[in-house]
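Structure first, then comments.
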Amino acid sequence: MSEIQPVLALTNIHKAFGGVVAIEDFSLDLHPGEIVALVGDNGAGKSTLIKIISGVYKPTSGEICLSGETSQFADASEAREKGIEVVYQDLALADHQPVYMNLFLGRELTKPPFGLLDKARMRRETQELVDELDVRIPSASSTIRDLSGGQRQGIAIARATHWASKLVLLDEPTAALGVAETAKVEELVLSLKKKNLAILIISHSLDQVFRLSDRICVLRRGKQIGVRKTADTDKNEIVSMITGVA
Amino acid sequence: MTASASLLQRMDLQRSVIYLGFLAIFLFFAVTLHDDGFLTTRNLTNIVLQTAPATVMAIGLVFALSAGEIDLSFGSVVAVSALTAAVVLQSYPLAVGVLAGLGAGIAIGAFNGILVAYFRLPSFLVTLATMGLFAGIARSMTDLRSIPVLNDTFTGIFGSGDLFGIPSLVLWTIVAVIIGHVVYRNTRFGAHVVATGDNPRAAQVSGIKVPRVRFAVLTLCGATAGLAGLLYSGRLQAAKYTLGETDLMTVIAAVIVGGTALNGGKGSIIGALLGCLLMGMLNNGLILMGLEVSDQMIVRGLIILIAVAVSLRDTSR
């Protein structure tokens, strides 16, 4: 693995809120085209870690390297500018707005001379993107709340794909979905891998973790218990790592 | 049914409420009040002239509601702005008076905005308080006295004048509606306002400066109320603390009837214009019908109730 530069290298990340230690001594490398699953019980620190990587929290100590460069994100917008996108558990979609406005939320395209919104271009680029990713929605102008859970998740992932140049963080992308929709979203995640993006995914479904990931990283109460190659481990080992019961 | 079919149904309902309501009431008055001169050009123009300040205020309110905020203080701002302009115009030239009047509105709006956006207080409570505060200030500014506005240029521009035969109040309405509509529908600011009201967290994680949006919409409400104050004092050639006093309910109702959601994320400037004209028509018609003031209030209240019911039923779907 060392011959390719990692997209993201976390070294000895430590995060405390006041006296409460949320993450202690976490280190992980993420490579392009790699899916790493982050697993652990509730309160293990998975979401905190995502927030540290996406610039929402600053680590108390430790180093974040993005493509070999030491990075300190002032806030989430800065992490986004550097090519890190997050698909949040609640999707962060504006329900009454059309799909294309959600795709370009906060980054709307404008046209000269008056700097008015270029809705035609946003609609067209959205349509191209959803077609390419095979997210089946009635149209780029559909309103979000008229879409199914799977379609919404598809839009949230499509948005991340569109803007991410390096890394996509997925926080429980299929927690609220049915079987068929879950399969569709998993296909989408795998297509991101083909685009050579690095992916860090939080999931409570071990079946899913084993279907998607290349490596599995286990957290327990803020401690990094270990990282395994998915091909070299099995569910029993991961479960015992998560629970601490041998 | 399919998603697109339900979308169509909802859009139909949304649009038809204001258009059908507008048409129905217009036809009703046109028939019943035909002999009382409802349909005369003079009367119809009068409706538009009387509605102009409300329409201007409604534009600010569409932005505020769309961003998930509300402004209850704009009626008081109207009085403060009108009185400020009138007092300043007594000893200073036109431009100073206009700037003072508008500036007063913008300053009050910005004051609301700072409390809401940066002190994180709910806009409902902040503007409920400033509504009372500035109503009191308007009363004490001139000891309840009415201040005449004698500057002919001012009363021409903001009241009785015209350009190419179009009354200035009609022009103000058209210009304000066009600018409001374009900004709301076709600028990044408009998109950020709607996104903020729709899902503030999504807006924030998408890099939209949510506090700045909240500050901006409340300041805009102050500005439009300030302009409305100038229009009132221009038309009446005087300013008094009672200006704008009764506009709160009318304007909120007009905006909601026009398809703007009370809980943010959705709105329409054109709808607000139609809502205001509807309210103006209603006032006019009820007066022509010879209804007592008390009966007018009852009928208006009932119609607003129906409007709110329709609006809320739709958003809870």
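Report ³J(HN,Hα) in whole Hz for each residue of region A:110-122, in order, from the Karplus equation J = 6.51 cos²θ - 1.76 cosθ + 1.60 where θ = phi - 60°; Gly and Pro get x.
After applying 6.51 cos²θ - 1.76 cosθ + 1.60, I find 10, 10, x, x, 9, x, 7, 4, 9, 5, 4, 5, 5 Hz.
Binning at 5 angstrom from zero up to the longest distance, how are the C-alpha pair distances of region A:126-246 distributed in percent?
Going out from 0 Å in 5 Å bins, region A:126-246 shows 2, 10, 20, 20, 17, 13, 8, 5, 3, 1, 0 percent.
Note the direction-averaged projected area, equal to a quarter of the hull surface, for the Cα convex hull of region B:15-312, in nm².
Working: hull surface 61.8 nm².
Value for region B:15-312: 15.5 nm².
Which ordering of A:Ser191, B:Ser168, B:Ser73 is given by a fewest-first count of other beta-carbon atoms within 10 Å? Each step should come with its number before you reach the end.
Numbers: A:Ser191 15, B:Ser168 21, B:Ser73 29.
Fewest-to-most ranking of A:Ser191, B:Ser168, B:Ser73: A:Ser191, B:Ser168, B:Ser73.
Can you pull a Stokes-Einstein diffusion coefficient for region B:94-155 at 10 °C (1.306 mPa s), Rh from Kirkwood over Cα pairs, as a whole number of µm²/s? If you can, show how the numbers build up before the last one.
Values: Rh = 13.5 Å.
Estimated diffusion coefficient is 117 µm²/s.
Treating each Cα of region B:46-186 as an identical point scatterer and ignoring solvent, apply the Debye formula and state log10 I(q)/I(0) at q = 0.11, 0.14, 0.17 Å⁻¹.
-0.46, -0.75, -1.07
With the contact rule set at Cα under 8 Å and sequence spacing of 6 or more, what percent relative contact order holds for chain B?
On the way: 553 pairs, mean separation 102.2, N = 317.
About 32 percent, as a whole number.
Would you kindly calculate the translational diffusion coefficient of region A:1-127, applying Stokes-Einstein with the Kirkwood radius from alpha carbon pairs, for 37 °C and a viscosity of 0.692 mPa s, and quote it in µm² s⁻¹ without decimals? The partial results should precede the final answer.
Working: Rh = 17.0 Å.
Estimated diffusion coefficient is 193 µm²/s.
Provide Rg and Dmax in Å for region B:224-307, with only Cα atoms included in the calculation.
Reported Rg and Dmax, both Å: 14.0, 40.
Return the sequence-ordered ³J(HN,Hα) values of region B:72-80 in whole Hz as given by the Karplus equation 6.51 cos²θ - 1.76 cosθ + 1.60 applied to θ = phi - 60°, using x for Gly and Pro.
9, 8, 5, x, 5, 4, 3, 5, 4
If N is the number of residues in the protein assembly as shown, what value comes out of its Cα radius of gyration divided by 2.2 N^0.38 Å? All intermediate terms of the calculation are to be shown ahead of the outcome.
Values: Rg = 28.7 Å, N = 563, 2.2 N^0.38 = 24.4 Å.
That works out to 1.18 for the protein assembly as shown.
Need one number: convex hull volume per residue for chain A, Cα atoms only, in Å³.
On the way: hull volume 34.4 nm³, N = 246.
Hull volume over Cα atoms, normalised by residue count, gives 140 Å³.
Enumerate the calculated ³J(HN,Hα) couplings along region B:109-125 in order (Karplus 6.51 cos²θ - 1.76 cosθ + 1.60, θ = phi - 60°), each rounded to whole Hz, writing x wherever the residue is Gly or Pro.
Rounded to whole hertz, the list is x, 5, 4, 4, x, 5, 5, 6, 7, 9, 9, 6, 9, x, 5, 4, 6.
Tell me, how many Å apart are the Cα centres for region A:11-81 and for region B:156-209?
Cα centres, region A:11-81 to region B:156-209: 42 Å.
Counting other beta carbons within 10 Å of each residue's own, what order do B:Glu292, A:Glu78, A:Glu108 fall into, fewest first? Display every interim value, and only then the final one.
Values: B:Glu292 9, A:Glu78 15, A:Glu108 21.
Lowest to highest Cβ neighbour count: B:Glu292, A:Glu78, A:Glu108.
Can you say what percent of the DSSP beta bridges in chain A, counting only those with both residues inside, are antiparallel? Round to 5. Don't skip to the end; give the middle numbers.
On the way: 23 of 41 bridges.
Around 55 percent of the beta bridges assigned by DSSP in chain A are antiparallel ones.
If neighbour count is taken as other Cβ atoms inside 10 Å, put B:Met249, B:Met57 in order from fewest to most.
Working: B:Met249 14, B:Met57 34.
By the 10 Å Cβ count, ascending, the order reads B:Met249, B:Met57.
Normalising by the residue count of chain A, find the relative contact order in percent from Cα pairs under 8 Å and 6+ residues apart.
Working: 460 pairs, mean separation 66.7, N = 246.
That works out to 27 percent.
Given the pairs A:Lys193/A:Lys229; A:Lys46/A:Lys229; A:Lys119/B:Lys209; A:Lys119/B:Lys266; A:Lys195/B:Lys209, which span a C-alpha to C-alpha distance of over 25 angstrom in this model? Kindly include the intermediate steps, with their values, before the conclusion.
Values: A:Lys193/A:Lys229 16 Å; A:Lys46/A:Lys229 19 Å; A:Lys119/B:Lys209 21 Å; A:Lys119/B:Lys266 17 Å; A:Lys195/B:Lys209 31 Å.
Those over the limit are A:Lys195/B:Lys209.
If we count every other residue with Cβ under 11 angstrom of B:Phe124's Cβ, Lys/Arg +1 and Asp/Glu -1, where does the sum land?
On the way: positive: none; negative: B:Glu69, B:Asp71.
Its environment carries a net charge of -2.
Using a Förster distance of 56 Å, how high is the FRET efficiency between A:Glu237 and B:Tyr118, based on the Cβ-Cβ distance and rounded to 0.05?
Values: r = 51 Å, r/R0 = 0.92.
The formula returns an efficiency of 0.65 here.
Once you have the Cα-Cα distance between B:Glu292 and B:Ser146, take 0.36 nm times their residue separation minus that, and quote the gain in nm to one decimal. Before the final figure, lay out the partial values.
Values: separation 146, 0.36 × 146 = 52.56 nm, distance 2.60 nm.
So the extension gain works out to 50.0 nm.
Rule-based calculations on the coordinates, nothing more; no lab input. Keep in mind that this is a model prediction, so the values were computed, not measured. Heads up, the Cβs are rebuilt from the backbone with ideal geometry, glycines too, and the neighbour counts pull from every protein chain shown.
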